[in-house]
Structures are given as C-alpha cells and as structure tokens.
Amino acid sequence: MKKDVIIALDFPTRQETLAFLDRFPEPKPFVKIGMELFYAEGPDIVREIKARGHRIFLDLKLHDIPNTVRRAMAVLSRLDVDMVNLHAAGASAMMRAALEGLTRPDGTRPLLIAVTQLTSTDAAALKDELLIGTPMEETVLRYAQNAARSGLDGVVCSPLEARTVKNACGDGFLTVTPGIRFADGDAGDQKRIMTPEKAGGAGCDYIVVGRPITQAADPAAAYARCLREFLG
C-alpha cells in the first residue's frame, strides 16, 4: 500500500473541474468527487475523470437502512471508482450490507471505508448536540473497530486519531484523513487539523486536501508541496 495525497474536487460544475485538472501534469493525481460535484453532474463526471487516468475516491457518505445501502452500493460498484464510503454511525449491519452490495460478481470491489466523526465536529458538538458522552478519541476508536469487524478496509478520521486507530485495528487498516492544512494556511471550518508533514508521521495512509490546493494560486505547485511534506 502506497501513501498518497487525494485532492478534493470541490467544484460545482464539470467545466470548472476539468479546467482545474488540466493544470496537472503526469502522473495524474488521485482525486475525490464529493456530493457537490456528483449531485451537479451525475455519474458521467465520474466516468469522464476516470477516463482521463485519475484514481477516484467517490465521497457520498451513504447512511440509510441496510437494504437501501446494499442496493445503492451495487449501483456504485458499476462505476470504475477506487474508493467509496459510508457513515460508521449506520452501525455494523449497514456496513456489512454495503460490503455485500459493493462486491461485484467476480469478487472485485472498490475500497470501502467508514466515516467516524466529521473533522468539523469538535468535542462540544459531540457532547452537547449529538449527546455522545464518551471522548472524541474513544468514539472514533469504537466506530473504527466496528468497521474493521464488519470487513471494511479502513476509516475516515481526523489525523489526530489515525495512530490510535492503527494501534487498535492494525497497520493494514486504512486511515483516510481530511483536516489537512499547511502550517502557514487558514484552518477554515475544520476543527481537528494537522499539517501534511505531521500527518505523514501520524499513521495517515491517505490525506484528503481541498482548499489548500484548489484555492492556491498555483494548484500544481501546492499539490507537489503537499506530496513532498506528506511523504517526507
């Protein structure tokens, strides 16, 4: 397994997305297609970006009853993506159903990971709004353990929890971590953040980076910097 940087394509249109991707030389970066772009352009944008040679993390965060998630994952399995996700809060039955739906008749499937807690959620929101009394790290760890027992490949967590997850679930269990900001950058709406360099030593397998790259004056240079700092 090779560590990598995933660029979040947080754009509202096909035109903006492809114009952004045109700024990157070979090799093509690993990219994330989230709700905004997918809902605006549909599955065709996934096919078009894949045809350009990019690996794709389809970030739709499914969360519903097990049968609905199973059937939705069966549809997503027909898109040639490399990684998909769901919310671990949907519990083990839903995660197992998702894995069943995502697995193709020939036994192949994309990587399936579970979102633990969003990096915009802080301890106060966890306790006061979600009514979860356990500390953030303990909550994330339990969600990760549930995902591992359900057969998933890894979790989305903040870089602050990646090492704890690795220690509990094993080095082969993936940690995909948003909340990455350059040391001289703006945190924005993220609460639990880390620099690429520190994430590289914290057990993160993939870091997901949006605005520090997409809003940079030179996105290709920002991406190269991120890779350099993350991979050491």
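The values are calculated or read from the model by the stated rules, or taken from the named source; none is laboratory data. Predicted model only: the values in this text are computed from it and were never measured. Positions of Cβ are generated from backbone atoms using ideal geometry, with glycine treated the same way; all protein chains shown enter the neighbour counts. Only protein heavy atoms, including side chains, enter the accessible area calculation; ligands, DNA and RNA are left aside. Shrake-Rupley method; radii C 1.70, N 1.55, O 1.52, S 1.80 Å.
On the Cα set of the chain, report Rg and Dmax in Å, please.
Computed over the Cα atoms of the chain, radius of gyration and Dmax are 17.0, 48 Å.
Gaussian network model of the chain, Cα springs within a sub-10 Å range: biggest mean-square fluctuation belongs to which of Leu76, Leu60, Leu130?
Of Leu76, Leu60, Leu130, the most mobile in the Gaussian network model is Leu130.
Compute the accessible area per residue over the chain, keeping the other protein chains in place, probe 1.4 Å, unit Å².
Values: 10680 Å² over 232 residues.
Ligands and nucleic acids excluded, the figure is 46 Å² per residue.
Run through all the Cα pairs of segment 49-159 and give the fraction in each 5 Å bin from 0, expressed as whole percent.
2, 13, 22, 22, 18, 12, 7, 4, 1, 0
What share of Cα pairs, in percent, lie more than 20 angstrom apart in segment 78-138?
On the way: 757 of 1830 pairs.
Value for segment 78-138 (Cα pairs over 20 Å): 41 percent.
Where the Cα atoms of segment 123-165 are projected onto their three principal axes, how long is each span, largest first, in whole Å?
31, 20, 13
Looking at the chain, do any whole DSSP H helices span at least 24 angstrom along their long axis by alpha carbon and average 0.5 or above on Kyte-Doolittle, and which?
Helices meeting the criterion: none.
Taking just the alpha carbons, could you work out the radius of gyration and Dmax for segment 1-118, both in angstroms?
Cα only, segment 1-118: 14.4, 42 Å (Rg, Dmax).
Tabulate in residue order the Karplus-calculated ³J(HN,Hα) for segment 154-159, using 6.51 cos²θ - 1.76 cosθ + 1.60 with θ = phi - 60°, rounded to whole Hz; enter x for Gly and Pro.
x, 9, 8, 8, 6, x
If you average 1/r across every pair of different Cα atoms in segment 142-232 and take the reciprocal, what Kirkwood value do you get, in Å?
Final number for the Kirkwood radius of segment 142-232 is 13.5 Å.
Regarding segment 1-50, what is the average projected area of its C-alpha convex hull, in nm²?
Quarter of the Cα hull surface area: 3.7 nm².
How big, on average over all directions, is the shadow cast by the Cα convex hull of segment 45-99, in nm²? Don't jump to the answer; show the numbers that get you there.
Values: hull surface 13.9 nm².
That works out to 3.5 nm², a quarter of the Cα hull's surface.
Of Pro43, Pro27, Pro135, which is the most mobile in a GNM of the chain whose springs link Cα atoms less than 10 angstrom apart?
For the chain, modelled as a Gaussian network with Cα springs under 10 Å, the answer is Pro27.
Starting at the first residue of segment 116-131, write each ³J(HN,Hα) from the Karplus equation 6.51 cos²θ - 1.76 cosθ + 1.60 with θ = phi - 60°, in whole Hz, x for Gly and Pro.
For segment 116-131, the Karplus-derived couplings read 7, 10, 4, 6, 8, 8, 9, 4, 5, 5, 4, 7, 8, 9, 8, 6 Hz, x marking Gly and Pro.
Treat each spin label as a single point 7 Å out from the Cα along the C-beta direction, and report the Asp82 to Glu138 distance in nm.
Distance between the two pseudo-spin positions: 3.8 nm.
Where the accessible area of segment 1-93 is counted over protein heavy atoms with a 1.4 Å probe, how much of it, in %, is carbon and sulfur?
C and S atoms contribute 52 percent here.
Divide by every residue of the chain the summed helix terms, -39500 (n - 2.57) for each DSSP H run of at least 4, and state the resulting mean residue ellipticity at 222 nm, rounded to the nearest 500 deg cm²/dmol.
-11500 deg cm²/dmol
Can you compute the modelled spin-label distance between Lys3 and Leu18, with each label point 7 Å from Cα toward Cβ, in nm?
The two pseudo-label positions are separated by 3.5 nm.
Quickly work out the Ala123-to-Met35 label distance, labels modelled 7 Å from Cα along the C-beta direction, and quote it in nm with one decimal.
2.7
Quick one: Cα convex hull volume of segment 192-232, Å³ per residue?
Expressed per residue, the convex hull around the Cα atoms of segment 192-232 is 64 Å³.
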